[in-house]
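Colleague: Shown below is the structure under consideration.
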Amino acid sequence: MDSVTGGIVVVVLLVAVAVYLLIRSRDGEASTVAEQAADGLTVRRPDAEFHIVSNSAVVTFDVPLPSGGADPVLRDLLLHQAAELMRDRKQRGQPLDGIDSIKVNAKQAGAVAQVGTIELTELNELPEVAMPMRLARTVAEDHDLLRTLEDSDSTKVAPTGDTTALDQLAPIGSDLRLTAGIEAGLRSLGIDPEAMTVTDLGLGLLELAGYRMTEKGDGSYVATGGGRTSYVSFVAHADGSYPELEAGAITSFLIRFSTAGTDRGLLITDKFGPYLVYEKERSNPNCRFITRERLQAFVDSIALS
């Protein structure tokens, strides 16, 4: 083979490899886009126990069910997650021979409750179980966590007279309206909306919105997504304590944010917000205080974003 012919062969091989990689890349992109654009939740799969009983695969998720049992959205989410768990096991080489159904359970008041059953109508084949609705996704590159909170509801604070007479606040879950998708998503993360703390709520919502949460070790976190980082801190109300966010907590947050090296700062609390919050947000527009009277707008911004 002369040098010219050899060069042509090399070029042809390089082109073939490039085409192959491009096709693989497009296939991968198409698969990812289809998954993210599907009408369903894409929250991470909850922890589960798995075993075989007779001809059934039994999957028990570590998910707190509501007292009345799984609603249709949570049920469909867990059935989908069970089917995908079995699909993963099959891809790793575990056969489905002899299995004709998948029984899906979850935790309820310390016991195990049945959620539903997936019938395998075709031998050794898993059905596609659709997601109930789209909720969580990878954060878009141009997404701005704080910009979504700039409407009137999420920037208001309570008049001082509405808060100073209060010495006890109801659990935060009792004051919020959650969509079925948000509630199902929180439960799939192991968070019980009926007993959650403000930290549970904030971390759960940010994860459902597609942010990657990293704990800093002092009770604060860094939320990464959309090409930006946000320092996230929590202040929980203790029974019998003053119901309004104290000036000292605001100052401490601003100092810690100034050394965090993040683009944004977010303080989330189930206490009410004093007027001082307005002043600090005006002087530092990279900070936002999600106080009790702003939490519903925060929930809604995650559900609708």
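The values are calculated or read from the model by the stated rules, or taken from the named source; none is laboratory data. Source: prediction; values computed, not measured. Every residue, glycine as well, gets a Cβ built from its backbone with ideal geometry; the counts of neighbours run over all protein chains shown. SASA here: full protein model, heavy atoms, side chains in, ligands and nucleic acids out. Shrake-Rupley method; radii C 1.70, N 1.55, O 1.52, S 1.80 Å.
Residue by residue, here is whether (1) touching a Ser or Thr at 6+ places or on another chain (Cβ under 9 Å); (2) modelled with pLDDT of 90 or more holds:
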position: 66; (1), (2): no, no
position: 69; (1), (2): no, no
position: 72; (1), (2): no, no
position: 88; (1), (2): no, no
position: 91; (1), (2): no, no
position: 95; (1), (2): no, no
position: 106; (1), (2): yes, yes
position: 120; (1), (2): yes, no
position: 125; (1), (2): no, no
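Colleague: Still on this structure: Being over 22 Å from residue 303 (Cβ atoms), in contact with a strand residue (DSSP E or B) (Cβ under 9 Å, 6 or more places away or on another chain) and modelled with pLDDT under 90 is true for just one of 82, 48. Which residue is that?
Modeller: 48
Colleague: Tell me, which residue of region 62-75 that is closer than 13 Å to residue 106 by Cβ and in a helix (DSSP H, G or I) is nearest to the chain's Cα centre (by Cα)?
Modeller: Here the residue is 74.
Colleague: Of everything in region 217-251 that's open to solvent by less than 50 Å² (accessible area, probe 1.4 Å) and hydroxyl-bearing (Ser, Thr, Tyr), which residue is nearest to the chain's Cα centre (by Cα)?
Modeller: 224
Colleague: Look through region 87-114, keep the residues that are surrounded by fewer than 20 Cβ atoms within 10 Å (Cβ to Cβ) and among the hydrophobic types (A, V, I, L, M, F, W, C), and return whichever of them is farthest from residue 44 (Cα to Cα).
Modeller: In the first step, residues of region 87-114 are kept if they are surrounded by fewer than 20 Cβ atoms within 10 Å (Cβ to Cβ); the result is 87-101, 103, 107-114.
Right, trim to among the hydrophobic types (A, V, I, L, M, F, W, C) and you get 96, 99, 109, 111-113.
Values: 96: 24, 99: 26, 109: 23, 111: 23, 112: 21, 113: 21 Å.
Among those residues, the one meeting the criterion is 99.
Colleague: Could you list, in sequence order, the residues of region 115-130 that are open to solvent by 60 Å² or more (accessible area, probe 1.4 Å) and touching a Gly at 6+ places or on another chain (Cβ under 9 Å)?
Modeller: The one that is open to solvent by 60 Å² or more (accessible area, probe 1.4 Å) and touching a Gly at 6+ places or on another chain (Cβ under 9 Å): 130.
Conditions (1) farther than 18 Å from residue 197 by Cβ; (2) part of a helix (DSSP H, G or I); (3) free of Cβ contacts under 8 Å to residues at least 12 places away in the same chain, marked per residue:
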{"residue": "219", "(1), (2), (3)": "no, no, no"}
{"residue": "232", "(1), (2), (3)": "no, no, no"}
{"residue": "262", "(1), (2), (3)": "yes, no, no"}
{"residue": "297", "(1), (2), (3)": "yes, yes, no"}
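Colleague: Hey, another quick one. Kindly list the number of the only condition in (1) closer than 23 Å to residue 44 by Cα; (2) in contact with a Gly (Cβ under 8 Å, 6 or more places away or on another chain) that fails for residue 228.
Modeller: (2)
Colleague: Let me ask you something else. Give region 46-86 a look and list any residue that's open to solvent by 50 Å² or more (accessible area, probe 1.4 Å) and of a type in the set (Val, Ile, Thr), or say none.
Modeller: Hits for region 46-86 are 52, 53.
Colleague: Would you check if there is a residue in region 1-20 being of a type in the set (D, E, K, R) and at pLDDT below 80?
Modeller: yes
Colleague: Also, quick follow-up: Suppose we keep only residues that are touching a Gly at 6+ places or on another chain (Cβ under 8 Å) and in a helix (DSSP H, G or I) within region 179-198. Which one would you say is surrounded by the fewest Cβ atoms within 10 Å (Cβ to Cβ)?
Modeller: So the residue we want is 186.
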